[in-house]
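Only the coordinates and a few stated rules stand behind these numbers; no lab work does. Fair warning: this is a prediction, and the values are worked out from it, not measured in the lab. Don't worry about glycine lacking a Cβ; one is built from the backbone with ideal geometry, like all the others, and counts go over all protein chains shown.
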Amino acid sequence: MSTGSHSLATQFPRAVARRVRQLPRLQASFSGARHVSQTAEDRPPLTEEQWQDMQSERGTFQSFMDTFSRYGSTQTRDNTFQPHHTLHRPVAPNQLTLSALMAAGAHLGHSKSLMNPNFTPYAYGIRAGITVIDMDHTLPLLRRAAKVVRGVAAKAGSVVFVGTSPELSTVVRKAAERMGEYGYHVGSKWLPGTLTNRLAMFGAGTVENVQVTPDLVIFLNPLANLHAIRECAQNHIPTVGIVDSNVDPRIVMYPIPANDESVKTAELVAGVLSVAGREGVEISKEEANRRKERAKFVARMTSPNSSRREPAVA
Amino acid sequence: MVRRIATQVHKQASRLLLQKFIKREPAWFQAVLDHPPLPLPPREPPIRQDYDLPPQDQLAARTAPAKRMRPASRRPLPIHYLEDDVRTQFFKDHPFEAFRPRMLVEGGEVEAEHQIRGESWTRLRQRGSNPSPEDAIRFAVNLHESHNIPITHAYSAAIAQFRALRSEHEVSVRVALMEAETYGIKLGPSMTERMFEEEDKALKSWSKNKQADAMANTARKRWRMIPEQVGEPSAWTKGEHYIRLWQEGVRPSYAPTLATNTTKSASPPAVGGPPSQPPFPPSGNKRHANRRNPKPPVPKLKSIMTGIPP
């Protein structure tokens with residue numbers, strides 16, 4: 001929790017205002033109260049005694065506030081966690097903590113008997129009959145995937161977020177929206193043949209004019225989208241995916257070992273990757289602007305009729 | 001189709017670029033070259049420390065000379081703490097502590113490490129006057145770890161202090177309640193009373209409102225039977241209505257006819273009504289009677305089958 005800077009006055013502005021209104025003999029005489037509609041000229045002037053009373057009241061109130069500001073809670077609505085923050089307040093990759101991942105249940109894998117043998121390097125241990133995933137591998141792999149997403153977006157590449165369950169559809173939609181024109185999402189079924197049968201899917205006109213294959217695909221539930229992963233591999237598209245303990249980590253190019261059944265984990269991962277993607281989009285826009293400026297400058301310099309600073313050598 | 005592998009997409013793409021099969025470098029190419037995918041690490045679980053390993057898997061036990069030559073297991077080891085054993089014993093000794101309510105509100109981070117750690121924790125009362133089971137368990141393990149007391153004695157000491165604090169708390173709560181009742185506090189229903197109310201509500205939902213059920217069931221059916229009279233007639237009819245219909249040759253209609261909606265109500269009159277017909281049918285074979293004397297036009301009974309198929 002934050003310390004120090006939140007005094008009682010900032011914590012409870014309404015209580016302070018109420019206290020000011022309750023101070024006796026001020027309401028009628030002193031103009032500090034907000035509800036008095038009189039102008040400065042209408043109010044009767046205070047007597048010396050009234051002024052001193054008002055000062056002592058204020059002093060009492062202020063010392064009360066000063067004494068008790070040191071105690072009590074510094075918790076406000078803004079600095080308190082609420083469950084919807086994982087979806088609506090995504091964090092940057094370097095701000096995501098291991099503690100946050102564990103609070104989301106990212107370390108809980110599947111049953112011990114269902115563990116894929118190739119997942120062993122990412123399995124920390126067994127507890128309560130389930131595989132516990134090693135978070136020391138998860139965080140670096142997630143950051144690596146974030147760098148890839150940023151790099152792809154920086155080159156104006158398109159990224160598709162795939163989460164084909166009812167709970168994940170909102171997550172992928174928000175993640176795609178964060179990336180603007182370079183972000184896409186698949187919230188319900190991935191139609192088979194989207195990439196391998198694109199002529200039939202999109203039509204000849206679209207396929208000729210527009211690049212319909214994405215440049216990166218992120219799977220929040222890869223086990224349910226193995227056909228899509230195969231299509232991506234056939235079309236030479238890199239893939240990122242949350243792999244659980246019953247999955248071979250090599251099904252995607254950048255596996256993120258974590259719990260694929262936890263919606264909060266998916267929100268965290270998609271949030272981190274989409275924030276990185278948004279940074280990449282900004283980089284690409286800057287780059288585009290710079291190129292445009294450069295082109296304008298070059299055009300101005302090389303055009304024959306332009307006035308130049310240095311006159312041509314005679 | 002050539003087998004395409006997800007982890008080798010970048011290698012395949014660079015081969016195709018080299019041979020000019022792909023004209024333009026894809027947008028992901030440079031990013032993947034800058035941050036290449038890591039190969040799968042060697043197939044063994046990570047190195048573990050003793051604090052969360054069961055005793056048989058800790059370092060001392062592992063490095064002891066094995067009785068039989070066996071390759072090292074590559075399975076992940078169990079996660080086990082000393083607190084688990086203490087917890088099992090604690091809840092065996094105090095089963096009702098498990099019924100205390102616990103808050104399951106989700107947080108943004110995991111809880112901080114438990115505070116009872118180190119030599120300064122000598123009495124459970126330092127934790128407060130209302131210790132939780134977790135406090136007692138942690139206190140027992142701390143006595144064992146920091147004060148070098150054998151775990152059995154540490155457990156005995158911890159639960160003795162726990163029980164003393166619990167009884168103090170319970171007595172104070174009871175006394176406070178008696179005091180409040182003396183001063184006239186009005187309390188809501190207790191848990192027992194609330195559960196009784198819930199049970200009554202559940203039992204009431206089983207009682208059958210026969211009329212409502214019958215009407216609901218009839219409305220749901222495609223083919224419905226709506227009897228003219230429910231239950232027994234109020235007076236003895238002597239079967240006169242039945243005999244009259246038989247004599248007239250009126251047969252019941254088993255299937256509704258949509259065209260003929262003219263129905264006569266054929267409800268049997270009670271005893272005491274006009275005896276218009278002789279009580280017994282005329283003699284003779286009914287079949288011959290039918291051939292020689294064709295049946296008179298049959299007055300339609302009120303159709304008893306009113307279901308009309310959709």
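Can you give the FRET efficiency for B:E170 and B:E83, using 1/(1 + (r/R0)^6), R0 = 25 Å, r = Cβ-Cβ distance, to the nearest 0.05?
Values: r = 25 Å, r/R0 = 1.01.
Computed FRET efficiency for B:E170 and B:E83: 0.50.
Can you give me the distance in nm between label points at A:F68 and B:S234, each placed 7 Å from the Cα along the Cα-to-Cβ direction?
For A:F68 paired with B:S234, the spin-label model returns 7.8 nm.
Enter the Cα centre distance for the pair segment B:235-249 and segment A:42-66, rounded to the nearest angstrom.
Here the answer is 105 Å between Cα centres.
Averaged over its residues, how many other protein chain Cβ atoms are within 10 Å of peptide B:121-130's Cβ atoms? Walk me through the numbers before you get to the answer.
Numbers: counts 0, 0, 0, 0, 0, 0, 0, 0, 0, 0.
Averaged over the peptide's residues, the number is 0.
Using amide H atoms built in the peptide plane, which far-off residues or other-chain residues are under 5 Å from A:I256 H to H?
A:G241, A:I242, A:V243
Residue-wise, which Karplus ³J(HN,Hα) couplings in Hz belong to segment A:61-77, taking 6.51 cos²θ - 1.76 cosθ + 1.60, θ = phi - 60°, and x for glycine or proline?
4, 5, 5, 4, 5, 5, 5, 8, 5, 6, 9, x, 8, 9, 7, 10, 4
Sort A:S284, B:S234, A:S245 so that the residue with the fewest other Cβ atoms within 10 Å of its own Cβ comes first and the one with the most comes last.
Numbers: A:S284 18, B:S234 8, A:S245 26.
Ranking A:S284, B:S234, A:S245 by Cβ neighbours within 10 Å, fewest first, gives B:S234, A:S284, A:S245.
Specify the inter-centroid distance of segment B:11-31 and segment A:71-145, based on alpha-carbon positions, in whole Å.
If you average the Cα positions of each part, the centres end up 35 Å apart.
Pull up all non-local amide H partners of A:G125: gap of 5 or more, or a different chain, and H-to-H distance under 5 Å with H placed in the peptide plane.
Those qualifying (amide H under 5 Å, at least 5 residues apart or on another chain) are A:V132.
If you filter segment B:209-238 for trypsin sites (Lys or Arg not before Pro), then keep DSSP loop positions with at most 15 other Cβ within 10 Å, what is left?
Numbers: sites: B:K210, B:R220, B:K221, B:R222, B:R224, B:K238; in loops: B:K221, B:R222, B:R224, B:K238.
Hits after loop and neighbour filter: B:K221, B:R222, B:R224, B:K238.
Taking R0 as 30 Å, what FRET efficiency do you get between B:M191 and B:K92 from their Cβ-Cβ distance, rounded to the nearest 0.05? If you can, show how the numbers build up before the last one.
On the way: r = 25 Å, r/R0 = 0.83.
The computed FRET efficiency comes out at 0.75.
Sequence-distant or interchain residues sharing an amide H contact under 5 Å with A:H110, placed H: which?
A:T131, A:S245, A:N246
Per residue of segment A:136-151, what does 6.51 cos²θ - 1.76 cosθ + 1.60 with θ = phi - 60° give for ³J(HN,Hα)? Whole Hz please, x for Gly and Pro, Karplus curve as stated.
Values per residue, Gly and Pro as x: 5, 8, 5, 5, x, 5, 5, 5, 5, 4, 5, 5, 5, 4, 4, x Hz.
If I model a spin label as a point 7 Å beyond the Cα along the Cα-Cβ vector, how far apart are those points for B:L40 and A:Q55 in nm?
Distance between the two pseudo-spin positions: 8.2 nm.
Sort out for me the Cα centre separation of segment A:278-304 from segment A:256-272, rounded to whole Å.
Going from one Cα centre to the other spans 37 Å.
For the cross-link pairs A:K147/A:K174; A:K189/A:K264; B:K208/B:K238; A:K147/B:K23, which exceed 29 Å when the distance is taken from alpha carbon to alpha carbon? Numbers along the way, then the final one.
Working: A:K147/A:K174 20 Å; A:K189/A:K264 21 Å; B:K208/B:K238 35 Å; A:K147/B:K23 26 Å.
Violating the 29 Å limit, Cα to Cα: B:K208/B:K238.
Take the Cβ-Cβ distance between A:D248 and B:R62 as r, set R0 to 25 Å, and report the resulting FRET efficiency rounded to the nearest 0.05. Intermediate values should be presented prior to the final figure.
Working: r = 29 Å, r/R0 = 1.15.
Taking R0 as 25 Å, the efficiency between A:D248 and B:R62 is 0.30.
Which aspartates and glutamates does A:K155 reach when only Cα atoms under 16 Å apart count, and residues fewer than 8 places away in its own chain are ignored?
Partners within reach: A:E181, A:D215, A:E279, A:E282, A:E286, A:E287, B:E25, B:D34.
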